[in-house]
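Comments concern the structure below.
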Amino acid sequence: MLTIIDHPLVQHKLTLLRKKDTTTGEFRRLAREISLLLGYEVLRDLPLEPVTIETPLEPMEARQVQGKKLCFISILRAGEGILDGMLDLVPSARIGHVGLYRDPVTHEPVEYYFKVPDALDERLCVVVDPMLATGHSAIAAVTRLKQAGAARIKFVCLLAAPEGVAALSAAHPDVPIYAAALDRQLDDHAYIHPGLGDAGDRLFGTK
């Protein structure tokens with residue numbers, strides 16, 4: 001299931017992010033701001049539990065997030081640009097990393113790193129990557145997380161292509177997808193159009 005988060009501020013910042021003359025510093029800042037806004041919506045259904053606290057004036061029964069701390073899973077390297085904003089929102093979250101690169105010929109993901117927190121079966125795992133293009137990297141990351149015990153997984157990106165949404169939904173129909181926009185299509189090199197270029201290169205100032 002795909003959810004487009006069309007909050008006016010998300011869409012405004014995404015427009016600035018797409019512009020080809022946006023500098024590396026501005027791109028990084030905008031990605032962080034957008035991801036914080038996305039996280040607010042993605043985590044809307046976190047379960048709460050009652051807790052008794054003392055305010056400066058009196059005791060009260062308040063509410064706090066229930067269970068073990070949630071886990072953000074960054075797909076390296078571009079996922080780091082989304083992770084920062086999510087951590088601004090939930091600084092106590094656990095963090096995992098899945099290192100994948102795309103084979104330039106087959107466009108298939110190749111794993112080179114995997115490190116995640118323990119007790120994934122007791123945590124909500126939010127997988128972050130700026131682009132959902134072919135869906136291959138997202139599928140590989142989610143598959144590995146399930147093998148490691150994760151049972152509740154959400155996928156968050158800035159831009160999605162119809163091809164990637166279809167592929168991830170077919171492979172993992174239990175994983176909801178959240179995006180700031182659904183773009184038109186992929187080209188022959190698996191780039192999203194109209195897109196915003198290579199998110200990793202624009203985040204880190206590489207070519």
Rg followed by Dmax, in Å, when the chain is reduced to its Cα trace
17.5, 65
Given backbone amide H placed at 1.01 Å from N, residues whose amide H is under 5 Å from that of THR3, ignoring those fewer than 5 places away on the same chain, are ILE177, TYR178, ALA179
Expected vector for the stretch 167-173, Karplus 3J(HN,Hα) from phi with 6.51, -1.76, 1.60 and θ = phi - 60°, integer Hz, x for Gly and Pro, equals 5, 5, 5, 6, 6, 9, x
Step through the table entries LYS19/LYS154; LYS20/LYS207; LYS154/LYS207, compare each Cα-Cα distance with 18 Å, and write down the pairs that go over it.
LYS19/LYS154; LYS154/LYS207
Which net charge results for the neighbourhood of HIS193, defined as the other residues with beta-carbon distances under 15 angstrom from its beta-carbon, given Lys and Arg at +1 and Asp and Glu at -1?
-2
Ignoring ligands, DNA and RNA, what percent of the 1.4 Å accessible area of the chain is carbon and sulfur?
54 percent
Amide H contacts of LEU70 (H built 1.01 Å from N, under 5 Å, at least 5 apart or other chain):
ARG94
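The values are calculated or read from the model by the stated rules, or taken from the named source; none is laboratory data. Keep in mind that this is a model prediction, so the values were computed, not measured. We place every Cβ from the backbone using ideal geometry, glycine too, and count neighbours over all the protein chains shown. Ligands, DNA and RNA are stripped out before the accessible areas are found, and what is left, the full protein with its side chains, is counted by its heavy atoms. Shrake-Rupley method; radii C 1.70, N 1.55, O 1.52, S 1.80 Å.
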